[in-house]
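The values are calculated or read from the model by the stated rules, or taken from the named source; none is laboratory data. Quick caveat, the model's predicted, so the values are computed rather than measured. Because the Cβ atoms are built from the backbone with ideal geometry, glycine has one as well, and the counts that use them run over all protein chains shown.
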Amino acid sequence: MSFRNYKDKIEEGDTVILYLSNNLYALDVQREIKNKKGEMIENVYQTPFGALKVKTLIGADYGTKIELTKGWGHVLQPTPELWSLTLPHRTQIIYTPDISMILLQLDLVPGCVVVEAGTGSGSLTHALIRRVRPHGHVYTFDFHEHRAKIAQEEFKDHGLADFVTAKHRDVLAEGFDKDLNGKADAVFLDLPSPWLGVPHALAAIKEEGGRFCSFSPCIEQVQRTCLALQEHGFQEITTMEVLQSEIKVSRRTVPVRDLSFLKQKSSISPVEEKPSSETSYVVGALPQSNPGHTGYLTVATLPPVYVRGKSKKDDDNISSENGEKMVVDENV
Amino acid sequence: MSNEIKIGDYVVIQKQNYKKLHKFNKADSSISLGRDTVNLKGIDGCPYFSVFKMIPKSSKRNRDYTVELAQEAVKLKDEIDIKVSGSDNRNILDDGNSQKLSASDIETLKSDSNKASDIVGTLINNSNTFHNKTEFSQDKYLRKKEKKYFEYFQVIKPNLRVISEIMYKLDPGKIQNLRIDTLSQIITMVNIHSEGNHLLYDSGSNGLVAAALLSVIGKDTNGKLLHMHPGNMSQKQALLAMNFPEEQLNRCVSVNVYSALRQFYQGCDTNNGVDKDIQTSENDENPLKRKADETDEHQSKKMKQEEDEELVESLDKTDGDKPRGNKKPKWHFDNIAASEILQNKMDSLVIACKEDPQNIFNELVSFVKPGRPFVIYYSAVEPLQQLYLTLRPRANVAALKLTCNWMRNYQVLPERTHPEVTMNGASGYLLSGYVLK
Ligand SMILES: C[S@@+](CC[C@H](N)C(=O)[O-])C[C@H]1O[C@@H](n2cnc3c(N)ncnc32)[C@H](O)[C@@H]1O
C-alpha cells in the first residue's frame, strides 16, 4: 500500500524501491514467500550485491541505507516515476519525460476526470492517478483482457482503487463507457489507431470543453489524428516531441601544451615536446547513446459546446510559419 | 472558478496564435494587442471561450476598437472566393511591380474599409500575379494577411500550460528560460501532488514555479507549499494569474528566506528587534540579487520592449504584504506559519534560483524527510555540474541525475509535415535526487 500516501516507515505489504548503485528494483515486502514446492519459506531477495533478508526492512525508515554482503544501497518509497523505471513490462510504456508533458498538456489538476486507452502496463496510469486524486478519477481501458485484469488488480494492491476504474474494452469499436459521455476533462490515447478514437473523445469530453492528447511513435499516425481532430472541431492542434538527456558529470584533468616558447631560440628543440602542465575541468558530456525518439505528442483543445464549429475542412489551426517568401505583397 | 468572465479575473486574450495575459479589473478596461487598443467593455459575464469581433471606433487609422460578441471567427478563406490558381511558381517574378495599387492607395484602403476581407480582396484583385500562384501559395498568402488583419479574438481561462507558454514567449529571460517541458518535469520529479508539504526556493521565475506546484497541489486538498524567496516581496505574477480560489492560495505560504529561517532557528523573524525597515533594506541591497537582475536586464534588452511593458502593466501592482498601521503585518504571521511547517519536515524540495544553488541546497536539504525527492533548476549547466560533484560523495543524497531537455514542434499538414523552422533552444538543466537518512 506504499503507493497511496507518504509514509515514513516500511510495513509488511509495501512495495519498496531498492536503489543499488544506479540500478533500481521494485520489491514486495513480505516476510515469507512460497517456494517452488508451494511451501512458505523466508523471503530472501537476491541482488547483484548479495542477498537481502526482506524481513529486515520491516520497520525501517524510508530513505535508510541497507547493508549487503558486497555493498550497500537504499530503500525508497515508490513514486509513479520510480515505478515507471521498475514496473513489470507487459507492453511498451511511456516514461517520465513524456508523462510529465502529457500531464501538463492535458491541464490535469486534482479533481479532474481523465479517460485513458490503452492501459498497457499502467505506467502512465499511475501518474494520472497521482495528479487527479483525491477528488478526481481515472477511467482506463484496454482491449487485452488479461492486461486489463492485471492492471485492475495492481491498482487494488497499490491502494489506488478509489481513484481509478480499469476496464476491459475495445474503445475504438465500442467507444468509452456510455456513462462517461460528457464527463471527462481530458482524454488520452496510446494505441495504434488513435484517429479512430477521436469521435469517442469528442463524446466523452465535458460540455464546457477539455483537452485531448495522443502519443504515437509514427508520423503517419499523427497526420491522420490531426485530420480527425480538425474534422471534429478541436482547436489548437499541436504536435511536439520531447526528449530528455542525462548529462554525465566528471572531473577531467587535461594536459596543457605550451607553444609560446618557440618564439625564442633555445638550446633544445625536440620534435615531440611533452605537455608542460595539467589543468582540471568539471565536464558534462552527453552519453554515447541517447534516446532519439519516443513518440509524438499531439494535443488539442475541445472548446465548449457553444463555440464548437461545424466540421470544417480548414487547416488554419495547425498551420505555422514557414520561411518561403511571398511574392505578392502590398508594395509598401 | 466559474465559466463566466468576471471582473477581477485574470484572462487570456487569444488572437490567432498570439496570447496575452490581462487582469480584467474593470468592465471597460483596455488592452493593447500589437498596435491596436481594444476596449473590453462587453466581455464581462460572457462565457469563457467566447469569440469577440473587434469593431473600429471611428476609422481604422487610430486603431481604437470596441468589441462585439461573435458567433464564430470568420476566416478570410471563407470570405474570399479564389477562382484560379497556377500549378507551380515558375512564371512568378518578384519585380516589386505586381501590385497595381500604390502605397498611398493601400493606406487609404486600410483606413476606409471596415472589413479585412475587403482590404485583402482588393489587394488580390489588383495583383498581377496572385491568380498565377499555386493554391498552396495563395493559401499561405491569405493566412499571412489574416494574421495582419484578423479581427477576432477569444477570451480563455488562464491555466498553467497557457501561462507558461505566454511567459516563455514574451521574455524567457524573466523566467530563467524555464520551458514548459522542463517545468512539467520539475513537478513530476519531486512527486508533487495533493498531499504533503512542499518546499520551494525561487528567486526569479515571476511566480511560475510556485504557480505550477500550487496548481497540482490543487483546490480543496491538504497539500501545502512553502515558497521562499530572497526579496522583500515574493514574485507572484504567475501565481495570481492562475485565479486560484482563496482557500488554495492560502496554502501557499510565501516568505522571505532570511526572515523565515531566522524565525525557525532564533524564534524571531527580525534581526534582534531591529524593525522591518532595516530588514527590508538588507534584502533590497543584497548585492547578489542586484547583479543577477542586471544580467537579466541585459538579456531581455533584445526582447520586444513594447510587449514587455504590457505584461507588467496589469500584473505588477499586486502584493498586499505591506505592514498596515500598528498591527503586526501579515508577513510576520507567515514567518511563524513557515517555521511551523518546517518543524514537521518537508516532502519535497524544489530550487529554481539565480544564485549559486550550493549553499541554498545545503541549508534547505536539512528540512527534507529522508526518502523524499529534490530537484534544482538552473539556466546554465556549470553550477549544477559543480554541485553534482560536491554531492556525489555525500551520504545524505542518492540517485543524483543531471538532465537537459530538447523539445520540437511540428507542422502537420497533408503532404507538408515537417518540424517547425524555429525551435525554442533555451531551457535550463535539472539536478535531481533523493534525500537519505
Ligand atoms: C503501448 S500500450 C500502452 C502503454 C501505456 N501507455 C503505459 O504507459 O503503460 C498500448 C495498449 O493499448 C491497448 N489497445 C490497443 N488497441 C486498443 C483498443 N482498440 N481498445 C483498447 N485498448 C487498446 C493494447 O492492448 C496495449 O495494451
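Tabulated values for the structure
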quantity: Which listed residue is within 10 Å of chain A (Cβ to nearest Cβ), of a type in the set (S, T, Y) and in a helix (DSSP H, G or I), from B:S184, B:S194; calculated: B:S184
quantity: Criterion: of a type outside the set (A, V, I, L, M) and modelled with pLDDT under 95 - qualifying residue of A:E67, A:E116; calculated: A:E67
quantity: Qualifying positions in the range A:1-28 - without any contact (Cβ under 8 Å) to a residue 60 or more places away in the chain and either over 25 Å from the mean Cα position of the chain (by Cα) or more than 14 Å from every other protein chain (Cβ to nearest Cβ) (or both); calculated: A:D8, A:K9, A:E11, A:E12, A:G13, A:L27, A:D28
quantity: Residue that is part of a loop (DSSP other than H, G, I, E, B), more than 10 Å from the ligand (Cβ to nearest atom) and under 27 Å from A:L27 (Cα atoms), where the choices are A:P134, A:P110; calculated: A:P134
quantity: Restricting the range A:169-184 to residues that are crowded, with 23+ Cβ neighbours inside 10 Å and more than 6 Å from the ligand (Cβ to nearest atom), the residue that is nearest to the other protein chains (Cβ to nearest Cβ); calculated: A:A184
quantity: Flag for A:H144 being near the ligand (Cβ under 9 Å from one of its atoms) and either of a type outside the set (A, V, I, L, M) or more than 21 Å from the chain's Cα centre (by Cα) (or both); calculated: yes
quantity: Near pairs, Cβ below 7 angstrom, 6+ apart or cross-chain, from the range B:408-420 (more than 7 Å from every other protein chain (Cβ to nearest Cβ)) to any residue that is surrounded by fewer than 16 Cβ atoms within 10 Å (Cβ to Cβ) and outside any loop (DSSP other than H, G, I, E, B); calculated: B:P419/B:R408
quantity: Within the range A:225-239, tally of residues that are within 7 Å of another protein chain (Cβ to nearest Cβ) and either part of a helix (DSSP H, G or I) or small (G, A, S) (or both); calculated: 1
quantity: Close pairs from the range B:42-56: first under 17 Å from B:K115 (Cα atoms) and within 8 Å of chain A (Cβ to nearest Cβ), partner surrounded by fewer than 17 Cβ atoms within 10 Å (Cβ to Cβ) and charged (D, E, K, R), Cβ under 8 Å, at least 6 apart; calculated: B:V51/B:E72
quantity: Unique residue being surrounded by fewer than 15 Cβ atoms within 10 Å (Cβ to Cβ) and outside the structural domain of A:E153 (by TED's automatic domain parsing) when the list is A:G63, A:G59; calculated: A:G59
quantity: Residue pairs meeting the criteria (Cβ under 6 Å; at least 6 apart or on separate chains; first β-branched (V, I, T), in the range A:210-227; second within 13 Å of the ligand (Cβ to nearest atom)); calculated: A:V222/A:S216; A:T225/A:P194; A:T225/A:W195; A:T225/A:S214
quantity: Top-ranked residue in the range B:1-32 [being within 14 Å of chain A (Cβ to nearest Cβ) and farther than 16 Å from B:Y152 by Cα; ranked as surrounded by the fewest Cβ atoms within 10 Å (Cβ to Cβ)]; calculated: B:S2
quantity: Unique match (being away from the ligand (no atom under 16 Å from the Cβ), of a type in the set (G, A, S) and either touching a Gly at 6+ places or on another chain (Cβ under 6 Å) or within 14 Å of chain B (Cβ to nearest Cβ) (or both)) among A:G59, A:G50; calculated: A:G59
quantity: Which listed residue is away from the ligand (no atom under 11 Å from the Cβ) and either surrounded by 22 or more Cβ atoms within 10 Å (Cβ to Cβ) or outside the structural domain of A:Q152 (by TED's automatic domain parsing) (or both), from A:T119, A:T79, A:T125; calculated: A:T79
quantity: Qualifying residue in the range B:161-177 (condition: free of Cβ contacts under 8 Å to residues at least 12 places away in the same chain, of a type outside the set (S, T, N, Q) and either on the phi > 0 side of the Ramachandran plot or at the interface with chain A (Cβ under 8 Å from one of its Cβ atoms) (or both)); calculated: no
quantity: Meets criteria (buried (at least 22 other Cβ atoms within 10 Å of the Cβ) and more than 9 Å from the ligand (Cβ to nearest atom)) for A:P88; calculated: no
quantity: Whichever residue in the range A:185-199 is surrounded by fewer than 21 Cβ atoms within 10 Å (Cβ to Cβ) and farther than 14 Å from A:D142 by Cβ and, among such residues, is farthest from the ligand (Cβ to nearest atom); calculated: A:P199
quantity: Conditions (1) away from chain A (no Cβ under 13 Å); (2) buried (at least 23 other Cβ atoms within 10 Å of the Cβ); (3) part of a helix (DSSP H, G or I): number failed by B:L240; calculated: (2)
quantity: The range B:217-234 residues that are within 9 Å of chain A (Cβ to nearest Cβ), paired with ones that are surrounded by fewer than 21 Cβ atoms within 10 Å (Cβ to Cβ) and of a type in the set (K, R) (beta carbon under 7 Å, 6 or more apart); calculated: B:I217/B:R251; B:G223/B:R251
quantity: Single residue of A:V222, A:V242, A:V249, A:V282 found to be facing chain B (nearest Cβ under 9 Å), modelled with pLDDT of 90 or more and under 30 Å from A:G182 (Cα atoms); calculated: A:V222
quantity: Output for the range A:200-230, where each listed residue is more than 16 Å from the ligand (Cβ to nearest atom) and farther than 19 Å from A:A173 by Cα; calculated: A:K206, A:E207, A:E208, A:G209, A:G210, A:R211, A:I219, A:E220, A:Q223, A:C226, A:L227, A:Q230
quantity: Any pair with Cβ under 8 angstrom, 6 or more apart, that starts in the range A:143-162 at a residue that is more than 14 Å from chain B (Cβ to nearest Cβ) and ends at one that is more than 13 Å from the ligand (Cβ to nearest atom) and part of a helix (DSSP H, G or I); calculated: A:F155/A:A161
quantity: Filter result (surrounded by fewer than 18 Cβ atoms within 10 Å (Cβ to Cβ) and either on the phi > 0 side of the Ramachandran plot or part of a strand (DSSP E or B) (or both)) within the range B:412-437; calculated: B:E415, B:H418, B:P419
quantity: Selection count where residues are more than 8 Å from the ligand (Cβ to nearest atom), within 25 Å of A:L172 (Cβ to Cβ) and β-branched (V, I, T), scope the range A:91-107; calculated: 1
quantity: Residue check, B:F130 among the aromatic types (F, W, Y), at pLDDT 75 or above, outside the structural domain of B:G34 (by TED's automatic domain parsing) and more than 30 Å from A:T301 (Cα to Cα); calculated: yes
quantity: Selected residue [of a type outside the set (S, T, N, Q), crowded, with 17+ Cβ neighbours inside 10 Å, touching a Ser or Thr at 6+ places or on another chain (Cβ under 6 Å) and part of a helix (DSSP H, G or I)] from B:I92, B:I119, B:I106; calculated: B:I119
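To keep it simple, each residue is scored yes or no on (1) surrounded by fewer than 21 Cβ atoms within 10 Å (Cβ to Cβ); (2) facing another protein chain (nearest Cβ under 7 Å).
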position	(1), (2)
B:Y377	no, no
B:Q385	no, yes
B:T390	yes, no
B:A398	no, yes
B:K401	yes, yes
B:N405	no, yes
